[in-house]
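J.: My questions will all concern the structure given below.
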Amino acid sequence: MTWSDFTNKVKAFFTGKKVADYVDTSPYVDGENELLDKLGQLDEEYKNSGAYDPGKGYEDLSDLLPEEQTFEYLKYEGDDEDTIRQNTKDKYDGLLEDEKQKVSDSFDVKTAVVENKKDATNAEYDQKQEQVDKDYDDFQKALMQELVKKGLYRSSIKQGQTDANEQARAWESSELTNKRNIDVSKLDAEIAKLQGEANTALQQLDISYASKLDTEIERLLDKRAKEIESIDKYNNTLKEKEAKYIQDRAKAIENQLAQRIKDQLEINNLENKYGYAGEKKENYKQRYDLAYEYYTSLPHDVALRMLQDNKKLEDYLGAYYGKLVTDIARSKG
């Protein structure tokens, strides 16, 4: 059964007759519009008063809660992989050069000691050679003086003695040279050994630092990966919190709206059962009185017809709309 059917039955019950299927209401439309304007003014007055507060007792969560909850995300501020590799290489290249310099300096000192020994040995043999030459020169000079004294300077004895003296000088010089070569060769071998040890030490440093470099780069890259993983995990947690907040906010707003609707329905039921109270009752009573005054001034059938399906009037009168329909229906036409 429609509301129109219901109101017709009500009117028929109280008047004892059905509302005519056609009633000309056009002459009364302007008057009804004036009534609706007055009712609209009363509605505005009520809504602007402190008594009207449909949100009373509620904090509007859609305004109270921000639409989204933002967090400060972490960002990896460290170097990229290429920079880590390059910086670490530069660092270890510098350390390697320092270590190589120390090794080179150490072996240079040792080599210098042997070089000094070599120089000293050569100097010593040079002195010995000079002494040999001096001795033989002195001997040759003394020999010549003796031969002159004896009148043998131009004899064959001079040549024989001179040749013998030079042979002896050559032999002794040769012996000195052989000894010199042996001693210097030993020192050269010692220098070569030191140079070989230095080269080996430098090669070991290259190998050692290459291994250390690889290990350090691997450690730093692993550290970087773990830091990024930790940051991503933390940021993902924040994203989950943001998403959950949006869901929780929507749910809270939905629950509040459902509660407000439920509460309003309860209020409507109570008002329909017991009527309005306070300022609301006074305001709606004024509306009712204006409407009652107007519709009772109309021909009965016209009033009944104009009350049918009058949604705007029903909105303005609220619970008093049913009372108005009943009272007009009961009134005598």
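The values are calculated or read from the model by the stated rules, or taken from the named source; none is laboratory data. The structure displayed is predicted, hence computed values, not measured ones. Here the Cβ positions follow ideal geometry from the backbone for every residue, glycine too, while neighbour counts run over all protein chains shown. What goes into the accessible areas is simple: the full protein's heavy atoms, side chains included, and nothing from ligands, DNA or RNA. Shrake-Rupley method; radii C 1.70, N 1.55, O 1.52, S 1.80 Å.
J.: Nothing charged except the Cβ atoms of Lys and Arg (+1) and of Asp and Glu (-1): what's the magnitude of the dipole of the stretch 126-285 about its Cα centre? Round to the nearest 20 debye.
T.: It comes to approximately 960 debye.
J.: Cα convex hull of the stretch 151-282: mean projected area in nm², to one decimal?
T.: For the stretch 151-282, averaging the hull's shadow over all directions gives 20.9 nm².
J.: Also, quick follow-up: Which whole-angstrom value gives the distance between the alpha carbon centres of the stretch 93-165 and the stretch 23-40?
T.: For the stretch 93-165 versus the stretch 23-40, the Cα centre distance is 146 Å.
J.: Right, next: Over all directions, the average projected area of the alpha-carbon convex hull for the stretch 248-333 comes to how many nm²?
T.: Average projection, Cα convex hull of the stretch 248-333: 6.9 nm².
J.: Find which of TYR245, LEU213, GLN203 sits farthest along the positive direction of the dipole of the stretch 192-256, computed with +1 on the beta-carbon of Lys and Arg, -1 on that of Asp and Glu, about the Cα centre.
T.: With unit charges placed on the Cβ atoms, the residue in question is TYR245.
J.: Something else now. What size of dipole, in debye to the nearest 20, comes out for the chain about its Cα centre when the only charges are +1 on Lys and Arg C-beta atoms and -1 on Asp and Glu C-beta atoms?
T.: Value, rounded to 20: 920 debye.
J.: For the chain, what is one quarter of the convex hull surface built on the Cα atoms, given in nm²?
T.: With every direction weighted equally, the projected area is 39.3 nm².
J.: Note the angle between two axes, namely the Cα long axis of helix 156-274 and the longest principal axis of the Cα atoms of the chain, as a number of degrees from 0 to 90, rounded to the nearest 10.
T.: Helix 156-274 sits roughly 10 degrees off the main axis of the chain.
J.: Another one. Tell me what the chain gives for mean residue ellipticity at 222 nm when only DSSP H runs of n ≥ 4 count, each as -39,500 (n - 2.57), the sum divided by the residue total, rounded to 500 deg cm²/dmol. Walk me through the numbers before you get to the answer.
T.: Working: 9 runs with 271 residues, N = 333.
Value at 222 nm, helices only, nearest 500: -29500 deg cm²/dmol.
J.: What's the angle, to the nearest 10 degrees (0 to 90), between helix 29-48's Cα axis and the longest principal axis of the chain?
T.: Value to nearest ten degrees: 50.
J.: Pairs of Cα atoms under 8 Å, at least six residues apart: use those to get the relative contact order of the chain, whole percent.
T.: 40
J.: Accessible surface of SER156 in the full protein assembly, 1.4 angstrom probe, to the nearest 10 Å²?
T.: For SER156, solvent-accessible area is about 100 Å².
J.: Answer with one residue from TYR316, ALA142, LEU265: the one whose Cα lies farthest towards the positive end of the charge dipole of the chain, charges on Cβ with Lys, Arg +1 and Asp, Glu -1.
T.: LEU265
J.: If you average the alpha carbon positions of the stretch 174-248 and of the stretch 275-333, how far apart do those two centres end up, in angstrom?
T.: If we compute the Cα centre of each part, the gap is 98 Å.
J.: How large is the accessible surface per residue of the chain, computed with a 1.4 Å probe and reported in Å² as a whole number?
T.: 68
J.: If I compute solvent accessible area with a 1.4 Å probe over the protein chains, what percent of it on the chain is carbon and sulfur?
T.: Numbers: 11370 of 22770 Å².
Accessible surface attributable to carbon and sulfur in the chain totals 50 percent.
J.: Using the Karplus equation 6.51 cos²θ - 1.76 cosθ + 1.60 (θ = phi - 60°), what ³J(HN,Hα) coupling, rounded to whole Hz, does each residue of the stretch 66-80 give in order, writing x for Gly and Pro?
T.: Coupling constants for the stretch 66-80: x, 4, 8, 10, 9, 10, 8, 7, 7, 9, 6, 9, x, 6, 7 Hz.
J.: Compute the longest continuous run of the chain that contains no exposed trypsin sites (Lys or Arg not before Pro); treat a site as exposed when its DSSP state is not H, G, I, E or B and it has at most 15 other Cβ atoms within 10 Å.
T.: 155-331
J.: Using a simple charge model, +1 on the beta-carbon of Lys and Arg, -1 on the beta-carbon of Asp and Glu, nothing else, what dipole does the stretch 198-242 show about its Cα centre, in debye to the nearest 20?
T.: Using only the charged Cβ atoms, the result is roughly 140 debye.
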